[in-house]
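See structure below.
The values are calculated or read from the model by the stated rules, or taken from the named source; none is laboratory data. All values reported here derive from a predicted model rather than from experimental measurement. Here the Cβ positions follow ideal geometry from the backbone for every residue, glycine too, while neighbour counts run over all protein chains shown. Side chains are part of the model used for accessible areas, which takes the heavy atoms of the whole protein and leaves out ligands, DNA and RNA. Shrake-Rupley method; radii C 1.70, N 1.55, O 1.52, S 1.80 Å.
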Amino acid sequence: MKSNIYNLTFTALENYFIEHGENHSKAASKAKIIYNYLYRNIPHGLSERITNLLERDFDCNFNFVEITEQRNSEDAVKFLFELKSGETPAAGGIASACNAAVEAVLMRHDYGNALCISTQVGCNMGCAFCQSSTQKKIRNLEPYEMVLQILKAQEANGEKISRLTLMGIGEPLDNYENVKDFIDIIGHKDGLSIAPRHITVSTCGLVPEMKRLLSEKIPCNLAVSLHAPNDEIRSRLMPVNQVYGINELLAAVREITAVKNKKTTLEYIMLDGVNDSDDCARELVSLLKGIYCYVNLIPYNETNLGFKRSSADRIKAFYSILIQGGIRAVVRREFGGEIKAACGQLRADVGANIVRP
Ligand code: SAH
């Protein structure tokens, strides 16, 4: 099966041209022309020989990710995408493409547009409060399927995306290699040029892969879904905690922040009567003492999974205890609640979790 051209890192494209007889400098200039064309709409002017070669060896189809539904609110746009797995029917053969759906949300900040994208079809992490966990992982997204979420979202409304969060459906670090290539592709200066410091990878706490990001010097920001001040509550909410408990997780966070000298974001969903008491807040203060981080308190977007959002007063009280305890914290601004912007919600809403053969 041919790889999609949007799967190629700049280096892979250069190597491809070197394998086809170009010297290093010509290979680099051809790769630049192609990146400019794919990501900046700059006409390429390449010879027919080169375009034929590319079309022979790669799938050059931009339409393997299609917007099937778009919901707008003032400050956010939610997209539902249909993915076609990339298997094109052989001439005269039967289409073996396996379609699936994922979602992304564009959020308009005063400092630019951020897009929250999906990294897997479904998710196996099984978090009790998360709609995505009701949709078991079907497969990992390839880099091009993440890249095309950005290009399609930009094209839909003519809005440039300057920041990215990997917080849609899926666990990005359970799709490590593809996410790594994706960050490389979108960061390249001749392409989308979204710098790693504008990319945030959110994880439920896969400790080995968090350390791997560090050892491989992938300079993106890290957000860790903590959601509880102790192992007892966290294990009830997040099965991953039974594999990597809070001590191991926070030891990794300490190590990462020390090496990068950069704060790690800790996400904490406020769930009514579950993790939002004053006692929980105090426990969180002592747990996080001395860790270079800030806590992002997230008002829960209610689903049908039985959890309720904490009241605004409860969130305020919890926040105050953190601040008084010397922990940096913010309450996350809400985007697009009315358009079901929370992880996995739109997809579940339109019944798109069904794989259509
Ligand atoms: N798997 C990754 C990234 C995807 S989820 C992770 O766990 O971090 C992105 C964030 O949204 C996580 O912090 C997740 O816990 C949170 N989330 C999931 N469902 C939510 C909901 N209904 N309301 C608010 N936040 C939610």
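Overview of values
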read-out: Looking only at segment 235-250, and only at residues there that are part of a helix (DSSP H, G or I) and surrounded by 14 or more Cβ atoms within 10 Å (Cβ to Cβ), the one that is nearest to the chain's Cα centre (by Cα); value: Val240
read-out: Failed condition for Ile218, given (1) near the ligand (Cβ under 9 Å from one of its atoms); (2) closer than 24 Å to Gln149 by Cα; value: (1)
read-out: Identity of the residue in segment 267-290, in contact with a strand residue (DSSP E or B) (Cβ under 8 Å, 6 or more places away or on another chain) and not in a helix (DSSP H, G or I), that ends up farthest from Cys130 (Cα to Cα); value: Asp276
read-out: Hits in segment 277-304 - residues which are farther than 22 Å from Ala252 by Cα, under 25 Å from the mean Cα position of the chain (by Cα) and open to solvent by 50 Å² or more (accessible area, probe 1.4 Å); value: Glu302, Asn304
read-out: Residue satisfying all of: in segment 102-118; open to solvent by less than 10 Å² (accessible area, probe 1.4 Å) and among the small types (Gly, Ala, Ser); nearest to the ligand (Cβ to nearest atom) among these; value: Ser118
read-out: Selection count where residues are farther than 14 Å from Arg332 by Cα and in contact (Cβ under 8 Å) with a residue 12 or more places away in the chain, scope segment 291-303; value: 4
read-out: Matching residues in segment 295-320 - criterion: being touching a Cys at 6+ places or on another chain (Cβ under 9 Å) and more than 14 Å from the ligand (Cβ to nearest atom); value: Phe318
read-out: Complete set of residues in segment 119-150 that are over 30 Å from Ile233 (Cα atoms), within 14 Å of the ligand (Cβ to nearest atom) and part of a loop (DSSP other than H, G, I, E, B); value: Leu141
read-out: Restricting segment 321-333 to residues that are within 16 Å of the ligand (Cβ to nearest atom) and assigned to a loop (DSSP other than H, G, I, E, B), the residue that is nearest to Asp272 (Cα to Cα); value: Arg332
read-out: Restricting segment 242-254 to residues that are over 19 Å from Asn296 (Cα atoms) and touching a helix residue (DSSP H, G or I) at 6+ places or on another chain (Cβ under 7 Å), the residue that is nearest to the ligand (Cβ to nearest atom); value: Tyr244
read-out: When residues of segment 153-170 are limited to those that are in a helix (DSSP H, G or I) and open to solvent by 10 Å² or more (accessible area, probe 1.4 Å), the one modelled with the lowest pLDDT; value: Asn157
read-out: Verdict on Thr264 being open to solvent by less than 70 Å² (accessible area, probe 1.4 Å), touching a strand residue (DSSP E or B) at 6+ places or on another chain (Cβ under 6 Å), more than 14 Å from the ligand (Cβ to nearest atom) and among the hydroxyl-bearing types (Ser, Thr, Tyr); value: no
read-out: Residue check for Glu69: in a strand (DSSP E or B), in contact with a helix residue (DSSP H, G or I) (Cβ under 9 Å, 6 or more places away or on another chain) and at pLDDT below 95; value: yes
read-out: Only listed residue being at pLDDT 95 or above, more than 15 Å from the ligand (Cβ to nearest atom) and in contact with a strand residue (DSSP E or B) (Cβ under 8 Å, 6 or more places away or on another chain), chosen from Ile199, Ile186; value: Ile186
read-out: Residue, most open to solvent (accessible area, probe 1.4 Å), within segment 174-214, restricted to residues that are touching a Pro at 6+ places or on another chain (Cβ under 6 Å) and of a type outside the set (A, V, I, L, M, F, W, C); value: Asp181
read-out: Verdict on Ser225 being within 16 Å of the ligand (Cβ to nearest atom) and more than 22 Å from Val201 (Cβ to Cβ); value: no
read-out: Test for Val274: is it surrounded by 19 or more Cβ atoms within 10 Å (Cβ to Cβ) and within 14 Å of the ligand (Cβ to nearest atom); value: yes
